[in-house]
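Each value in this text was obtained by applying a stated rule to the coordinates, not by laboratory testing. Owing to the predicted nature of the structure, the values given are computational and were not obtained by experimental measurement. Don't worry about glycine lacking a Cβ; one is built from the backbone with ideal geometry, like all the others, and counts go over all protein chains shown.
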Ligand code: HSE
């Protein structure tokens, strides 16, 4: 049977994983695909670095055009990352009638509609299993396994770097900078790690999940996004003492034609299943009308898990190659136009419980001043902790609130942050206890 020839654009961490799997597990892949999947070309600007892969039978060059112009290549694997030039190369590959497999969540989240439309018009596929949660097959699960279910909520830990940092801070008592450095050394982080720690990478992936789960389009910029860079070892310890863990969560719920999409550090009960997702592991929880909650767990970043997800898309394409089936599958699993009228609920309307840490001068009346301002904004305090005075520096007043409206919290904190006794801005973390997969009811 005719082999499926593929070209790899971008020979970084994930590209190396893809090459290793294609070259070292060729016999296994042939059994799975029904034909050979042959890595014919690799294009990358750096071909000198030793990646520990033997490329004797692969043609290498610095030009992606060498892949685009090769008629024998049926699939271009785009692992360049970022928007340009990746987007142009993807469009050129589609125009040349090639399928595309990509792990590029930033590109799909921002320009997915245009790329999917171009692919569908040309009768080729864009495979993107690797774009969300690395080795976890969440794209196929939402598009196929859960196709009959109307998903109404998603909660995910979908950035390995952020989860590694928060888990290592929790488990080893380390501070943020050294944990970030460890995550970078392990190859989890993006080329620009600010995308990981400021939450944009999570927002990109959440935008893709929302498209797959609800058939609704949302631009990543419209998703409220807050990163983990202000979380300190002290917040981690207080959270633990209070029975919580801090996780960077991607959250989305849909109800009555309105949906919510947000990414922020979140305190969840330590008994919550998501609380036990440590290191660079990812987990996606989704709840649907018929199936109820399901949860997926696995490695969300790194060379081999993400490489395996890329190659799984090649196997799917190889299986469909001669059957013409690739031509009419909708990319996100919905036929017809995306509804344009779903309203994204503004963040100010969120109702949540909050953890607040106020670094203040230790002086009589400070606690009552802060609680008075919260009270004036209709925010009710659940509990307060203030540990003993340090030799130098601020004291930290910790408060947990009852349910409060985000708008009121923002207004109250603007006033408190301007107090003369406030030595730094209040650090606050939203507490989530409405999505709880540990409460899966037996049928
Ligand atoms: N930088 C990403 C992460 C890689 O840490 O999860 C996978 O998208």
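Its residue count N fixes a reference of 2.2 N^0.38 Å for segment 347-433, and the Cα radius of gyration divided by that reference is 1.04. Expressed in Å, the radius of gyration and Dmax of the Cα atoms of segment 138-299 are 15.5, 45. Once each part is reduced to its C-alpha centroid, what is the distance from segment 38-98 to segment 222-268 in angstrom? Each part's Cα centre sits 38 Å from the other's. Here, P(r) means the percent of Cα pairs in each 5 Å bin from 0 to the largest distance; for segment 231-340 it is 2, 8, 12, 15, 16, 16, 14, 8, 5, 3, 1, 0.
Its convex hull of Cα atoms gives segment 1-142 a direction-averaged projected area, equal to a quarter of the hull surface, of 8.5 nm².
A straight chain from residue 152 to residue 241 at 0.36 nm per residue would run longer than the Cα-Cα distance by 28.8 nm. Evaluate E = 1/(1 + (r/R0)^6) for residue 63 and residue 376, where r is the Cβ-Cβ distance and R0 equals 56 Å; express this FRET efficiency to the nearest 0.05. The formula returns an efficiency of 0.30 here. Name the residues of segment 360-379 whose amide N is less than 11 Å from a point 7 angstrom out from the Cα of residue 423 along the C-beta direction? Flagged as within label range: 360-363. The length gained by stretching the chain between residue 334 and residue 117 to full extension, at 0.36 nm per residue less their Cα-Cα distance, is 76.9 nm. Based on DSSP H segments of at least four residues, each scored -39500 (n - 2.57), the chain has a per-residue ellipticity at 222 nm of -10000 deg cm²/dmol. Ordered by the number of other Cβ atoms lying within 10 Å of each residue's own Cβ, fewest first, 335, 355 fall into the sequence 335, 355. Between residue 387 and residue 361, the simple spin-label model (points 7 angstrom out along Cα→Cβ) gives 2.4 nm.
If the chain linking residue 45 and residue 28 were pulled fully straight, counting 0.36 nm for each residue of separation and taking away their Cα-Cα distance, it would gain 3.1 nm.
Roughly what angle does helix 160-172 make with the longest principal axis of the chain, taking Cα atoms, 0 to 90 degrees, to the nearest 10? Helix 160-172 and the main axis of the chain meet at about 40 degrees.
Stokes-Einstein, applied to the Kirkwood radius of the chain over Cα pairs at a viscosity of 0.890 mPa s and 25 °C, places its translational diffusion at 105 µm² s⁻¹. Of the residues 61, 141, 383, 331, the one with the fewest other Cβ atoms within 10 Å heads the list, and the complete ranking is 383, 61, 141, 331.
Here 368, 271 are placed in order of increasing Cβ neighbour count within 10 Å, fewest first, which gives 368, 271.
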